[in-house]
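Colleague: Have a look at this one.
The values are calculated or read from the model by the stated rules, or taken from the named source; none is laboratory data. Just so you know, these numbers come straight off a predicted model, no measurement behind them. Using ideal geometry, Cβ is built from the backbone for each residue, glycine included, and neighbour counts are taken over all protein chains shown.
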Amino acid sequence: MTQIFCVANQKGGVGKTTTTVNLAASLAAQKQRVLLVDLDPQGNATMGSGVDKQSLTNTVYQVLLGEAVASDTIVRSEEAGYDVLPANRDLAGAEVDLVGFERRERRLREALAPVTKKYDFILIDCPPALSLLTLNGLCAAHGVVIPMQCEYFALEGLSDLVNTIKQVHANLNRDLKIIGLLRVMFDPRITLQQQVSEQLKQHFGDKVFNTVIPRNVRLAEAPSYGLPGVVFDRNSRGAQAYTQFGTEMIKQTQARTGTGAL
Ligand code: ADP
Ligand code: MG
């Protein structure tokens, strides 16, 4: 069965897009069929997958509005090894344009339904807000992956996100659960980061992924080449960590769904 995950955190700059593109590339390298859905008007995941956001006639925006269908809008990123439902600045208008629609939080879910079976994993890169776009992501997904930096205020922001996920679970999407918290941009030399990491494990137990993503400049450089870090420099520490994260995700999914093969 296709696994649909949102990568969400209402804070900006916490590593959502880096996690989405690199997890997508890592899963693709491990023979999984992957679709990345860019739900951020900044279009960083689109560009970071090697798709030129300026040159697109249709994007996820037209799909959400019902002016285009997903199958015609999805593009293939050969270098990255996965498909992309791209976004650009058009998407910034979606919040307002969808106001008059019924079931407006389910637009993405309904739009993805015809293509879902083609993929093992669908990863949705959410914008940095608990907005209607993020809500569309949460309604379309089975689970949420939360990237976070181990900083003091990280835990505070987390409770808002966890509450939103609980509300969506209760009212809109009974399938939704937290898949896990991913520690990113980690620097073990910083005592505070170690302390926050320990607190996270105490509080969230096995919801904290074993894989830890280090701060690594190669991951930050990769988007300017239009490539996920995993493809750009697969021997870098950052790429190796995301490769390991992909493996952890596949194993966890197999354990959860009881399948030997996906
Ligand atoms: P978000 O999508 O949550 O806004 P990004 O993934 O765009 O966050 O990351 C914010 C910035 O941090 C980007 O410049 C990105 O290249 C950089 N970055 C993300 N993860 C790492 C990492 N593990 N090591 C170094 N830089 C990182
Ligand atoms: Mg982003």
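Colleague: Do you know which residues across the range 170-198 are crowded, with 19+ Cβ neighbours inside 10 Å, among the aliphatic types (A, V, I, L, M) and over 16 Å from residue 137 (Cβ atoms)?
Modeller: Residues satisfying the conditions are 181, 182, 184, 185, 196.
Colleague: In addition: Out of all the residues in the range 151-168, is one or more at pLDDT 95 or above and under 19 Å from residue 213 (Cβ atoms)?
Modeller: no
Colleague: How many residues are surrounded by fewer than 17 Cβ atoms within 10 Å (Cβ to Cβ) and hydrophobic (A, V, I, L, M, F, W, C) if we restrict to the range 50-74?
Modeller: So the answer is 2.
Colleague: Every residue in the range 212-227 that is in contact with a Phe, Trp or Tyr (Cβ under 9 Å, 6 or more places away or on another chain) and more than 16 Å from ligand 2 (Cβ to nearest atom), please.
Modeller: Residues satisfying the conditions are 212, 214, 215, 218, 221, 225.
Colleague: Here's something else I'd like to know. Could you identify the single residue in 14, 37 that is crowded, with 24+ Cβ neighbours inside 10 Å and either of a type outside the set (Phe, Trp, Tyr) or within 8 Å of ligand 1 (Cβ to nearest atom) (or both)?
Modeller: 37
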